[in-house]
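Presented below is the structure to which this report refers.
The values are calculated or read from the model by the stated rules, or taken from the named source; none is laboratory data. As the structure is a prediction and not an experimental result, all values here were calculated from the model. Cβ placement follows ideal geometry from the backbone for every residue including glycine, while neighbour counts extend to all protein chains displayed.
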Amino acid sequence: MRKYIVAGNWKMNTTVPEGVELAKAVVEKAKSLPANVELVVAPPFTHLAPVAEALKGSKVALSAQNCADHEKGAYTGEVAVNMLTSIGCQYTILGHSERRQYYGETDEKLVVKTQLALAAGLKVILCVGENLEEREANKHFEVVTEQTKAVLYNFTALDMKNIVIAYEPVWAIGTGKTATAAQAQEIHACIRNVIEAKFGAQVAQDMTILYGGSCKPSNAKELFAEKDIDGGLIGGAALKADDFIGIATSF
C-alpha cells in the first residue's frame, strides 16, 4: 500500500517567528489526520532548527528545500546534508523547477545531491515537470520521462524506498492554473511506467508520486481520487494551516 504524503514547500516566505507559529498550527490541526497520510513541511534553511523544535513529538516530518552537492568544505552559502540531519530533517526537496530555472540545476548535479542525501539518511522528494512551451509542443511525456530516467536510473530498487517523485506542471506553479485531474493522472501514470521499466512492477506500485501545481482544498479531492496521484507538493496553500490541512483531508 502506497504512502499518501502532503508536503508543504514554504519557499522564501515567512519570518522565523511566523514559521514557528505556522508549524505549531499545522501540528495541532494534524492530530485528526488518518495514520496513512504523512504531512511534511519544508521551511527556509533559517527556520529549520526552531521548526524542528515545534514539530517534536508530532507526526509532521521536516524537510529542507535543497541541499549542497558536496559533503563539506569551502562552499560559501551552501548547506550540507549532515547539517540537515543534525537538526532533525527527514527529507529534502531536490530539483524543484525554480532551482532548475533560476539556478541552473542540472540532472547530473541532482544525481550527486540525491546520492549524498540518501547516504546521509534523508528521504528525497525529487521534482520533475514540463514548462508551458514544452506542454504546448506536446513534449510533456518526453520531458518528464527523460528527467525521471536521468536521475533515478542511477539508483537501485532499494534506494527507491526513500525517494518520492513530485510532478510539477511548471506552467501551473504560482499562476493559478491547474492541470486537470485527467492531465495530472496521465503524467503520473507515465512516471510510474518509467519506474516499472527499470525497477519492476512492485517498486513502481509502491512509489509515492505527488502532484505539485497549484493544488488547493478546492481541487485536491478530485486530483487525489486519481489512482496514480498519492498526494501533493503544496506551495501557496501550505502557508495557511487551515488550507494545508484541508488538502490533507481530501483523500
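Which residue pairs have Cβ atoms closer than 8 Å, lie 6 or more positions apart in sequence or on different chains, and pair a first residue in segment 179-208 that is under 18 Å from Ile5 (Cα atoms) with a second residue that is at pLDDT 95 or above and of a type in the set (Gly, Ala, Ser)?
Listed pairs, sorted by first residue: Ala181/Ala225; Arg192/Ala204; Val203/Ala157; Thr208/Gly231.
Where the second residue is aromatic (Phe, Trp, Tyr) and surrounded by 12 or more Cβ atoms within 10 Å (Cβ to Cβ) and the first is over 10 Å from Leu122 (Cβ atoms) and lies in segment 64-90, which pairs have Cβ atoms under 7 Å and are six or more apart or on separate chains?
As it stands, the answer is Ala68/Tyr75; Val79/Phe45, since those pairs meet every condition given.
Which condition number does Thr76 fail, the rest of (1) farther than 23 Å from Leu210 by Cα; (2) touching a strand residue (DSSP E or B) at 6+ places or on another chain (Cβ under 6 Å) being met?
Here Thr76 meets the rest and fails (2).
Which pairs turn up if I take residues in segment 32-57 that are closer than 18 Å to Asn13 by Cα and free of Cβ contacts under 8 Å to residues at least 40 places away in the same chain and look for partners that are among the charged types (D, E, K, R) and in a helix (DSSP H, G or I) with beta carbon separation below 6 Å, at least 6 apart in sequence or on another chain?
Ala54/Lys24
Table: residues versus (1) outside any helix (DSSP H, G or I); (2) buried (at least 18 other Cβ atoms within 10 Å of the Cβ); (3) polar (S, T, N, Q); (4) touching a strand residue (DSSP E or B) at 6+ places or on another chain (Cβ under 9 Å).
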| site | (1), (2), (3), (4) |
| --- | --- |
| Glu53 | no, no, no, no |
| Cys67 | yes, yes, no, yes |
| Lys72 | yes, no, no, no |
| Gly88 | yes, no, no, yes |
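Taking Leu210 and the conditions (1) more than 21 Å from Lys161 (Cβ to Cβ); (2) surrounded by 23 or more Cβ atoms within 10 Å (Cβ to Cβ); (3) not charged (D, E, K, R), which numbered condition does it fall short on, given that it satisfies the others?
(1)
Go over the candidates Lys139, Lys109, Lys113, Lys149 one by one and state the one that is basic (Lys, Arg) and over 19 Å from the mean Cα position of the chain (by Cα).
Lys139
Consider only pairs whose beta carbons are under 9 Å apart and that are at least six residues apart or on different chains; among these, list those whose first residue lies in segment 149-178 and is more than 16 Å from Ile191 (Cβ to Cβ) and aromatic (Phe, Trp, Tyr) and whose second residue is assigned to a loop (DSSP other than H, G, I, E, B) and modelled with pLDDT of 95 or more.
Matching pairs, first to second residue: Trp171/Gly129; Trp171/Glu130.
So which residues in segment 19-51 are farther than 22 Å from Asp230 by Cβ, assigned to a loop (DSSP other than H, G, I, E, B) and among the aliphatic types (A, V, I, L, M)?
Correct list: empty.
If the requirement is being at negative phi, surrounded by fewer than 19 Cβ atoms within 10 Å (Cβ to Cβ) and modelled with pLDDT under 95, which of these qualifies: Lys216, Lys221, Lys198, Lys227?
The unique qualifying residue is Lys216.
Give just the number: which of (1) within 20 Å of Val79 (Cα to Cα); (2) within 14 Å of the chain's Cα centre (by Cα) does Leu39 not satisfy?
(1)
Any idea how many residues of segment 1-18 are assigned to a loop (DSSP other than H, G, I, E, B), of a type in the set (S, T, N, Q) and surrounded by 14 or more Cβ atoms within 10 Å (Cβ to Cβ)?
Residues flagged as assigned to a loop (DSSP other than H, G, I, E, B), of a type in the set (S, T, N, Q) and surrounded by 14 or more Cβ atoms within 10 Å (Cβ to Cβ) within segment 1-18 amount to 2.
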